[in-house]
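Remarks on the structure that follows.
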Amino acid sequence: MSFPKNLLIIGATGHIGTYITEQILKAQPSFNVSIFTSPATASGKADLIGELKSKGAKIITGDVTKADDVKKAYEGIDTVISAVGRNVLETQIELIRLAEESSSVKWFFPSEYGTDIEYGPESANEKPHQLKLKVRKYIRENISRLKYTYVVTGPYADMFFSLPPKAVEAGGYSVDDKKAVLVEDGEGKVGFTTMPDVGKAVVAALRHPEAAFNKALKVQSFVVTPKQILAEFEKQTGAQWQVSYTPLQTLRDAEKKAWAEGSPFATVFTLRRIWAEGGTLYEKTDNESIGLKDSELETLEDAVKRGLTVRWT
């Protein structure tokens, strides 16, 4: 296919979807952007929907679980970008099946935008990865015409800065308390992508289909250690923070207990353990292959500056 022109975004008003949509709408040369959302979201997030419309997006309302609604939304669309949340990842299988049957849709971006679910052999057994792995398996076994791209970003720096009260052993940073909990010695490198840069990566992939088709693109804003993050927080707040350390084995034990008890923080423990074990590090990323330049990406300094005013829980 030639360069994509008519895009449909599903999940545009979600946590990462808002950042992806923002970057797509401001991209030049521009795309024709449609957003598929539910009537409940259209009314419940009316201000956000109005803002998206003012930036040129066409709003299509319907039920993502109804084939007829999806088929209608796909009319005239060449590329679908899914940013649905973790709890509904499996619904993408039907969206992908319908895209494969569509006469217009040529390219599909499943909702990935996170930890590499096929980093190594052990990845297949990680509980938080299972639904994304199921989607990839469906594509591998059932899709022949439709092109696909997985945008793998590693953790969002923005959310890593949080310190969940019920998952302190997982590590993190509390701006209000000027407190940090670091895993092991805090010297383990982690590859991050900021949330705005996730959107930039999607736009870059759209601009470079030859480098993106049928691939899992590994992209990152920067690679730093938890101690470097702490140092930047101390620099920007002009204060020394209270620091404690969690042995990696303690994190593993807390993770096991969280899953056994059905804790909503179990996924947090698993992902932070994966990151602490080096599951975000690569000899080379795909930034260059899709034209994602360092000068266009945010730095640790940028991310921490925003982290001082924007809180994630």
Checklist entry - Among Trp107, Trp259, which comes first, then next, by fewest other beta-carbon atoms within 10 Å? => result Trp259, Trp107
Item to check | 5 angstrom amide H check on Ile35, placed H, neighbours 5+ away | outcome: Ile9, Lys58, Ile59, Ile60
Next on the checklist: Using Cα-Cα distances under 8 Å and only pairs 6 or more residues apart, what relative contact order does region 225-283 have, in percent?
Outcome noted: 23
Next on the checklist: What are the ³J(HN,Hα) couplings of region 245-255, residue after residue, when phi is run through the Karplus curve with 6.51, -1.76, 1.60 and θ = phi - 60°? Round to Hz, x for glycine and proline.
Outcome noted: 10, 10, x, 4, 5, 5, 5, 4, 5, 5, 4
Next on the checklist: Restricting the calculation to Cα positions, tell me the Rg (one decimal) and the Dmax (whole number) of the chain in Å.
Outcome noted: 19.7, 60
Next on the checklist: If you wrap a convex hull around the alpha carbons of region 91-140, what volume per residue comes out, as a whole number of Å³?
Outcome noted: 80
Item to check | Likely footprinting exposure, Glu22, Glu255, fewest C-beta neighbours within 10 Å first | outcome: Glu22, Glu255
Next on the checklist: For region 166-188 and region 275-313, what is the centre-to-centre distance using only Cα atoms, to the nearest Å?
Outcome noted: 18
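Where both partners of a DSSP beta bridge lie in the chain, what percent of those bridges are antiparallel, to the nearest 5?
Counting only bridges with both partners in the chain, antiparallel ones make up about 20 percent.
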Checklist outcome for this item: When Thr65, Thr299, Thr21 are ranked with the fewest other C-beta atoms within 10 Å first, the list becomes Thr65, Thr299, Thr21
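What are the semi-axes of the equivalent ellipsoid of region 11-125, taken as the square roots of 5 times the eigenvalues of the Cα gyration tensor, listed largest first and rounded to whole Å? Each step should come with its number before you reach the end.
Numbers: eigenvalues 110, 62, 46 Å².
Taking √(5λ) for each Cα gyration eigenvalue gives 23, 18, 15 Å.
How long are the three semi-axes of the equivalent ellipsoid of region 196-246, in whole Å, if each is the root of 5 times an eigenvalue of the C-alpha gyration tensor, listed from largest down? Don't skip to the answer; put the middle values down first.
Working: eigenvalues 260, 32, 9 Å².
Semi-axes (√(5λ), whole Å): 36, 13, 7.
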Next on the checklist: As a test of the definition: which semi-axes, in Å, follow for region 121-169 when you take the square root of five times each eigenvalue of its alpha carbon gyration tensor? Largest first, please.
Outcome noted: 30, 15, 8
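About its Cα centre, how strong a charge dipole does region 95-162 have in debye, to the nearest 20, once Lys and Arg get +1 and Asp and Glu get -1 at the Cβ? Don't skip to the end; give the middle numbers.
Numbers: 10 positive and 9 negative charges, 68 e Å.
Once rounded to the nearest 20, the dipole reads 320 debye.
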Checklist entry - Based only on the alpha carbon positions, what is the Kirkwood hydrodynamic radius of region 106-239, in angstrom? => result 16.7
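Using the Cα centre as the reference, give the magnitude of the dipole from point charges on the C-beta atoms of region 11-169 (Lys, Arg: +1; Asp, Glu: -1; all else neutral), rounded to the nearest 20 debye. Don't skip to the end; give the middle numbers.
Values: 20 positive and 20 negative charges, 54 e Å.
So the dipole magnitude of region 11-169 works out to roughly 260 debye.
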Checklist outcome for this item: Checked against the positive end of the charge dipole of region 209-260 (+1 on Cβ of Lys and Arg, -1 on Cβ of Asp and Glu, about the Cα centre), the farthest of Ser244, Asn214, Thr225 is Asn214
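Please list, by residue number, every one of the GluC sites (Glu not before Pro) in region 29-98 that is coil in DSSP and has at most 16 other beta-carbon atoms within 10 Å.
Details: sites: Glu51, Glu75, Glu90, Glu94; in loops: Glu75.
In loop regions of region 29-98 (DSSP not H, G, I, E or B), the sparsely surrounded GluC sites (Glu not before Pro) are Glu75.
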Checklist entry - In whole Hz, what ³J(HN,Hα) sequence does region 190-197 give by Karplus (6.51, -1.76, 1.60; θ = phi - 60°), x for Gly and Pro? => result 9, x, 10, 10, 6, 5, x, 6
Item to check | Distance between region 65-134 and region 1-45 - C-alpha centres, whole angstrom | outcome: 15
Item to check | At 1.567 mPa s and 4 °C, Stokes diffusion of region 42-201 via Kirkwood alpha-carbon radius, µm² per second | outcome: 71
Checklist entry - Farthest toward the dipole's positive end in region 4-121, which of Ala99, Ala83, Leu7, given Cβ charges of +1 (Lys, Arg) and -1 (Asp, Glu) about the Cα centre? => result Leu7
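Please state, rounded to one decimal and in Å, the Kirkwood hydrodynamic radius that region 226-313 gives when every pair of distinct Cα atoms enters the mean of 1/r. Don't jump to the answer; show the numbers that get you there.
Values: mean 1/r = 0.0626 Å⁻¹.
Result for region 226-313 stands at 16.0 Å.
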Item to check | All-pairs Cα distance distribution in region 148-189, expressed in whole percent, bin size 5 Å | outcome: 5, 19, 25, 23, 12, 7, 5, 3, 1
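For region 132-204, what percent of Cα pairs sit more than 22 Å apart? Don't jump to the answer; show the numbers that get you there.
Numbers: 1231 of 2628 pairs.
That tail contains 47 percent of the Cα-Cα pairs.
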Next on the checklist: Let's see if you can work this out: charge +1 on each Lys and Arg Cβ, -1 on each Asp and Glu Cβ, no other charges. What is the dipole magnitude of the chain about its Cα centre, in debye to the nearest 20?
Outcome noted: 600
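Every number here is computed from the coordinates shown, using simple stated rules; none is lab data. All figures in this text were calculated on a predicted structure; none of them were measured in a lab. Reconstructed Cβ throughout: ideal geometry from the backbone, glycine too, with neighbour counts over all protein chains shown.
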